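Novice: Starting off with a structure, shown below.
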Amino acid sequence: MAFVQFLQSKLAPVAHSDLLIDRVEGRQPQARKAAVLLPLFEREGEIDLLFIRRASSLRAHSGEIGLPGGSIEPDDETVALAALREAWEEIGLLPERVEILGLQSPVFTVVSNFLISPVVGFLPEGPGALTLQQSEVAELLQIPLSALADPAILRTERRGPRTIYFYDYGPYCIWGATGRIVHDFLLLVAEWQRTQAAAQLLD
């Protein structure tokens, strides 16, 4: 798929994860490290991104929309393996169904003091049968990239030096660190759309 190949060409290789983390960790040396997975798959001719709604019983970020992921453990050899492990534990996504495309720049969360490495993965055969860890995950959301890229659902707020991105999708609001990760990914989607439009003009 051309879009997948485009993402691979634009995302950082997993082997560069330490370099990406060092750039931010130098400013946030006490941050805890985490990894999340952006699971992309084709459904009815569109590319969807899989989100979770966190359980309301959780102490932190309860009820919020996020991506499968969590803390990087000492046994995790790479950030990609950490994201895959967490996705398996949280939603039952088999690691072998995921083709890792690369990494986005890490995102630091001020409130929870996490330095999050976003790992982009493509599911050629879809997510398959998933089983939620109900103590952590209340619901799965499959949202088309075309819906996320609709400027009508985006609103922003300035809080000090930071811009907060809010994506209002039906009754759900994607914001915080997840909103920043989605915003960064949608910049790549917009670049892809521009290249496609330019190619059509040349035909």
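Novice: Once amide H atoms are built 1.01 Å from N in the peptide plane, which residues 5 or more positions from Leu38, or in another chain, come under 5 Å H to H?
Specialist: Val119, Val120, Gly121
Novice: Which percent of the accessible heavy-atom area of the chain goes to carbon and sulfur, probe 1.4 angstrom?
Specialist: Numbers: 5400 of 10620 Å².
Carbon-and-sulfur percentage of accessible area, whole number: 51.
Novice: Only loop residues by DSSP count here, and only those with at most 12 other Cβ atoms within 10 Å; note down the GluC sites (Glu not before Pro) in segment 76-175 that meet that.
Specialist: Working: sites: Glu77, Glu86, Glu89, Glu90, Glu96, Glu99, Glu125, Glu136, Glu139, Glu157; in loops: Glu77, Glu125, Glu136.
Here the GluC sites (Glu not before Pro) that fit, given the DSSP loop and packing criteria, are Glu77, Glu125.
Novice: From largest to smallest, what semi-axes in whole angstrom does segment 11-54 give when each is the square root of 5 times an eigenvalue of its alpha carbon gyration tensor? Before the final figure, lay out the partial values.
Specialist: Values: eigenvalues 174, 43, 9 Å².
They are 29, 15, 7 Å, listed largest first.
Novice: What's the longest uninterrupted piece of the chain once you rule out the trypsin sites (Lys or Arg not before Pro) that are loop residues per DSSP with at most 14 other Cβ within 10 Å? It would help to have the intermediate numbers written out before the result.
Specialist: Values: sites that count: Arg27, Arg59.
Between the exposed loop sites, the longest stretch runs 60-203.
Novice: For segment 6-19, what does the Karplus curve 6.51 cos²θ - 1.76 cosθ + 1.60, with θ = phi - 60°, yield as ³J(HN,Hα) per residue in whole Hz, taken in order and with x for Gly and Pro?
Specialist: Working through the residues one at a time gives 4, 4, 4, 6, 9, 7, 6, x, 4, 4, 8, 4, 5, 5 Hz.
Novice: Would you calculate the convex hull of the Cα atoms in the chain and tell me its volume per residue in Å³?
Specialist: Details: hull volume 28.5 nm³, N = 203.
So the per-residue hull volume is 140 Å³.
Novice: Scaled to the compact-protein estimate 2.2 N^0.38 Å, what is the alpha-carbon radius of gyration of segment 137-203, rounded to two decimal places?
Specialist: On the way: Rg = 14.3 Å, N = 67, 2.2 N^0.38 = 10.9 Å.
Relative to the rule-of-thumb radius for its length, segment 137-203 sits at 1.32.
Novice: Let me ask something else about it. Using the Cα atoms of segment 5-85 to build a convex hull, what is its mean projected area in square nanometres? Spell out each step's value before the answer.
Specialist: Numbers: hull surface 29.6 nm².
Convex hull of Cα atoms, orientation-averaged projection: 7.4 nm².
Novice: Ok, one more. From the backbone phi of segment 146-154, what are the Karplus-calculated ³J(HN,Hα) couplings (6.51 cos²θ - 1.76 cosθ + 1.60, θ = phi - 60°) in whole Hz, Gly and Pro given as x?
Specialist: Running phi through 6.51 cos²θ - 1.76 cosθ + 1.60 with θ = phi - 60° gives 4, 6, 5, 7, 5, x, 5, 9, 9 Hz.
Novice: Could I ask something else about it? Just name one of Thr78, Leu101, Ile65: the one whose Cα is farthest towards the positive end of the charge dipole of segment 59-103 (beta-carbon charges, Lys/Arg +1, Asp/Glu -1).
Specialist: Value computed over the given set: Ile65.
Novice: Still on this structure, I have one more. Once you charge only the Cβ atoms, +1 for Lys and Arg and -1 for Asp and Glu, what is the size of the charge dipole of segment 1-126 about its Cα centre, to the nearest 20 debye?
Specialist: 520
Novice: What accessible area, in Å² to the nearest ten, does a 1.4 Å probe give for Phe166?
Specialist: 10
Novice: Continuing with this model, one more query. Which whole-Hz couplings ³J(HN,Hα) result when phi for each residue of segment 156-172 is put into the Karplus expression 6.51 cos²θ - 1.76 cosθ + 1.60, θ = phi - 60°, listed in order with x for Gly and Pro?
Specialist: 10, 9, 9, 10, x, x, 9, 9, 9, 9, 10, 10, 8, 10, x, x, 9
Novice: Which far-off residues, 5 or more places away or on another chain, put their amide H under 5 Å from the one on Lys33, with H placed in the peptide plane?
Specialist: Here Ile72, Leu115 satisfy the definition.
The values are calculated or read from the model by the stated rules, or taken from the named source; none is laboratory data. As the structure is a computational prediction, the values presented were derived from the model and not from experiment. Positions of Cβ are backbone-derived with ideal geometry, glycine not excepted, and every protein chain shown enters the neighbour counts. Calculation scope for accessible area: heavy atoms of the full protein, side chains included, ligands and nucleic acids excluded. Shrake-Rupley method; radii C 1.70, N 1.55, O 1.52, S 1.80 Å.
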